[in-house]
Amino acid sequence: MNSSLKNTARTLGAGLRALLVLTVICGVIYPLAVTGVAQTLFHEKANGSEITSDGRVAGSSLIGQRYDLPPKSGEETAAPDPKWFQPRPSNGLGSNGVNSRYDLILSGATNRSGDNAELIRWVKDAKAAVIRDNSTPGHPVSPSQVPPDAVTSSGSGLDPHISPAYAKLQVNRVAERNHLDAGRVAALVDSHTEDRLLGFIGEPRVNVLQLNIALRDLTS
């Protein structure tokens, strides 16, 4: 009996020592090491790729934002603010300005097939809205000018980028609403257009948050 108790105590002691050692290594040393490396070599990315404006965090370069007018009484969905460049359509993005009013609602795709009647209606309605909202006197928008990302959401619903084509489609409307020369706004889009990663991965893209912050600086 005594031998059995001793073996049990020895086994429990070994288990507790292993638990203590692994807790220190995996729960303290390893997280501190990873955090230290991340903060030293990838400080910006480790902290969420935050974008600041006027000394405040305006959002993340990895997560999109909406730019809407204040909702009217009884209005279920706020109308987009025509002063700003608009992101891809998505129910996953919180309603924001270009300041620190940053509120993430949800993430996810529609999970509807390409021939789904409701999805087709959404795309048609979105296309009509893009044409209507971005047509200005002397610069009407034709259906063939509307790129796919202007009427469809991304898989996550949180895409921070739009295509250069969609950004350029909005230039005349943004310029008119902000009383700016369209050429200056177009140049702003060009300067914020990112090329393919390593020259061949992905597509050219424009980060909407960064573009709108630059637009605000241009109008202030």
- line: Rounded to one decimal in nm, the spacing of the 7 Å Cα→Cβ label points at Val37 and Asp115 is 5.0 nm
Added length on full extension, which subtracts the Cα-Cα distance from 0.36 nm per residue, Ala186 to Ala18: 54.2 nm
- prompt: Around Gly59, which amide H atoms from residues at least 5 apart in sequence, or from another chain, sit under 5 Å from its own amide H, with H modelled in the peptide plane?
  reply: Ile51
field: Amide proton proximity set for Gly157, modelled H, under 5 Å, gap of 5+
entry: Gly108
- request: Could you point to the residue in Pro89, Ala126, Val206 farthest towards the positive end of the stretch 50-219's charge dipole, with +1 and -1 charges on the Cβ of Lys/Arg and Asp/Glu respectively?
  value: Ala126
field: the chain - charge dipole about Cα centre, Lys and Arg +1 at Cβ, Asp and Glu -1, debye rounded to 20
entry: 680 debye
- prompt: So for Tyr67, Tyr30, fewest C-beta neighbours within 10 Å to most, what's the order?
  reply: Tyr30, Tyr67
- prompt: What number of lysine-lysine pairs in the chain show an alpha-carbon separation below 22 angstrom, given a sequence spacing of 8 or more or placement on distinct chains?
  reply: 5
- line: Here, Tyr30 and Gln145, labelled 7 Å along Cα→Cβ, have an inter-label distance in nm of 5.6 nm
- line: Between Gln170 and residues 5 or more places away or on another chain, the pairs with built amide H atoms under 5 Å apart involve none
- line: Within the stretch 146-220, DSSP-loop trypsin sites (Lys or Arg not before Pro) with at most 13 other C-beta atoms within 10 Å are Arg196
message: Run the numbers for Ser4 and Thr193: contour at 0.36 nm per residue of separation, minus the present Cα-Cα distance, in nm.
response: 60.7 nm
field: Fewest-first ranking of Glu194, Glu44, using other Cβ atoms within 10 Å as the exposure measure
entry: Glu44, Glu194
statement: Ordered by fewest other Cβ atoms within 10 Å, a rough proxy for footprinting exposure, Asp217, Asp81 read Asp217, Asp81
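Read-outs: derived from the displayed coordinates by stated rules, not from any lab. Because the structure is predicted, anything quoted here is derived from the model rather than measured. Every residue, glycine as well, gets a Cβ built from its backbone with ideal geometry; the counts of neighbours run over all protein chains shown.
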